[in-house]
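Okay, structure first, notes after.
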Amino acid sequence: MIDPKSVHSTLQSAQLVDGYPLVLDLEKSKGIYMHDSRTGNDYLDLFTSFASWPVGYDHPMMADEAFLKDLMIAARNKVANSDIYTTQMADFVQAFSTRVTPDEYTNHFWVSGGGLAVENALKVAFDWKAHKVGVAKVEGGHSMVALHFKGAFHGRTGYTMSLTNTDPNKVALFPKFDWPRVSTPAVEFDTDGKICNDVAALEATSLAEIDAAFAKYKDRIACIIIEPLQGEGGDNHFRTEFLQALRTVCDEREALLIFDEVQTGFFGSGKAWLWQHHAVAPDIVAFGKKTQVCGIYANNRVKDVPENVFDKSSRINSTWGGNLVDMVRCKRFIEIIETEKLAENITARGAELVQGLRGIAKESAKISNVRGLGSLVAFTLDSPATRDKMLSDLFDKQVMALSSGAAAIRFRLPLVIDSAGIATALERINDCLPG
Ligand SMILES: Cc1ncc(COP(=O)(O)O)c(C=O)c1O
């Protein structure tokens with residue numbers, strides 16, 4: 001085995017190495033701490049591998065023998081799940097579709113990668129709308145578009161690059177579609193957690209832009225796609241009223257409403273899906289990250305058209321159809337989350353962190369707009385440079401955190417974090433406040 005001190009140089013000889021300087025020790029990392037086998041330091045994990053690792057390291061329930069047996073069987077083989085079915089797959093699909101997906105969503109599709117989950121959500125919508133307007137018309141060049149939002153991050157695949165508009169470097173030079181993009185009416189919070197900006201006015205502007213887009217593109221708009229809480233674009237929260245207005249537009253204008261919950265889903269918000277906090281039900285949800293295996297679930301609106309992608313073979317597909325190891329692991333996560341009541345835990349712990357950060361914001365003007373829901377917590381600094389410096393100071397204090405938007409820091413907490421972990425987080429954040 002390569003020596004930890006040689007990991008980066010070994011990788012460098014074969015690939016771009018622009019990641020963290022630490023070398024994660026998967027045996028010595030425990031719970032909310034990531035062990036660096038280069039230095040022996042333990043890092044407080046407030047980033048969870050970009051919101052993708054839900055239950056901390058070395059969770060005792062992951063040592064269960066029956067689970068390990070299934071995991072090993074799945075790992076020793078690689079099955080083309082789209083066409084070759086196994087008991088392990090059926091166990092997973094049953095658990096996910098009955099304990100995680102709400103009842104009205106009976107159409108699932110599995111794939112590897114969040115970007116590809118979104119990509120396939122778009123394909124569902126394009127196919128659906130093509131049947132609505134008439135296949136002959138579409139074959140004659142009447143092409144569909146996806147209405148989306150400024151500050152959106154939906155991935156870096158073919159279609160999703162036309163939607164993603166955070167760091168321009170991520171999509172520059174690649175061919176993209178010129179699809180309608182409208183403004184993002186983000187809520188801002190004061191130190192008591194009350195809305196402190198004129199968000200109703202921002203919503204009215206955004207909805208007017210949506211109206212104008214429908215006037216321009218008419219029946220070419222197949223869907224409205226939004227992250228119900230924008231992650232990379234700035235941890236931007238929306239009011240229920242706005243998401244409801246999008247629902248109404250989609251119903252009236254015959255478009256599908258797609259929520260991208262790749263970053264927010266699977267109990268990250270304290271509920272299985274963030275949209276459940278708003279009770280505004282979308283037509284399609286794209287998921288990934290914490291779910292391990294990625295994909296979409298859709299309601300029966302897509303079945304309005306007889307030849308929809310869930311009934312007609314090969315319209316959406318991939319060889320692996322997700323990944324069986326990820327499916328087995330995801331099922332175990334569902335069991336852990338239920339047994340340990342982690343949705344309730346992260347709701348309470350996230351609120352503690354938000355409350356602590358608002359306390360800090362009351363004392364100093366250095367941080368503002370503290371916001372959060374469950375594991376998804378963020379605050380804003382006065383400039384991108386101050387934010388970058390604080391992130392680097394946090395890393396020096398052995399805290400893993402993430403940037404978000406122009407000047408925010410975001411945390412993606414492990415669902416297992418306890419109050420002691422939150423207290424340590426607040427202590428280290430306090431130590432790193434800009435001078
Ligand atoms: C909201 C959202 N959608 C899509 C993606 C793309 O997921 P992946 O990186 O797994 O392709 C991400 C990744 O950060 C995301 O946050």
Condition set in contact (Cβ under 8 Å) with a residue 40 or more places away in the chain, among the aliphatic types (A, V, I, L, M) and in contact with a Lys or Arg (Cβ under 8 Å, 6 or more places away or on another chain), scope the stretch 245-266, selection nearest to the ligand (Cβ to nearest atom): answer is Val262
For Ala365, only one of the following conditions fails: (1) modelled with pLDDT under 95; (2) assigned by TED's automatic domain parsing to the domain that holds Ala95. What is its number? (2)
Got a number for residues in the stretch 164-190 being surrounded by fewer than 18 Cβ atoms within 10 Å (Cβ to Cβ) and in a loop (DSSP other than H, G, I, E, B)? 12
So Ile224 ticks every box in (1) buried (at least 20 other Cβ atoms within 10 Å of the Cβ); (2) out of contact with any His (no Cβ under 9 Å at 6 or more places or on another chain) but one. Which box is left unticked? (2)
For the stretch 26-114, give me every one of the helices (runs of 4 or more DSSP H) that falls completely inside it and has 3 or more residues that are closer than 22 Å to Asp418 by Cβ. 48-51
Being farther than 24 Å from Ala348 by Cβ and either outside any loop (DSSP other than H, G, I, E, B) or not hydrophobic (A, V, I, L, M, F, W, C) (or both) narrows it down to one residue among Arg371, Arg428, Arg410, Arg387; which is it? Arg387
In the stretch 247-271, what residues are outside any loop (DSSP other than H, G, I, E, B) and either within 11 Å of the chain's Cα centre (by Cα) or under 21 Å from Lys341 (Cβ atoms) (or both)? Phe259, Asp260
Which residue, of His154, His131, is within 30 Å of Ile367 (Cα to Cα), in contact (Cβ under 8 Å) with a residue 24 or more places away in the chain and assigned by TED's automatic domain parsing to the domain that holds His237? His154
Run Phe47 past the list (1) touching a strand residue (DSSP E or B) at 6+ places or on another chain (Cβ under 6 Å); (2) within 16 Å of the ligand (Cβ to nearest atom); (3) not assigned by TED's automatic domain parsing to the domain that holds Leu376 and report the number of the one that doesn't hold. (3)
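Residue by residue, here is whether (1) within 16 Å of the ligand (Cβ to nearest atom); (2) touching a residue at least 24 places away in the same chain (Cβ under 8 Å) holds:
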{"site": "Val199", "(1), (2)": "no, yes"}
{"site": "Ala204", "(1), (2)": "no, no"}
{"site": "Ile210", "(1), (2)": "no, yes"}
{"site": "Ala215", "(1), (2)": "no, no"}
{"site": "Gln230", "(1), (2)": "yes, yes"}
{"site": "Gly234", "(1), (2)": "yes, yes"}
{"site": "His237", "(1), (2)": "yes, yes"}
For the stretch 291-326, enumerate the residues that are more than 18 Å from Thr98 (Cα to Cα) and either part of a strand (DSSP E or B) or of a type in the set (Gly, Ala, Ser) (or both). Ser313, Ser314, Ser318, Gly321, Gly322
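The values are calculated or read from the model by the stated rules, or taken from the named source; none is laboratory data. Computed from a predicted model, the values in this text were never measured in an experiment. Virtual Cβ from ideal backbone geometry, glycine too; neighbours counted across all protein chains shown.
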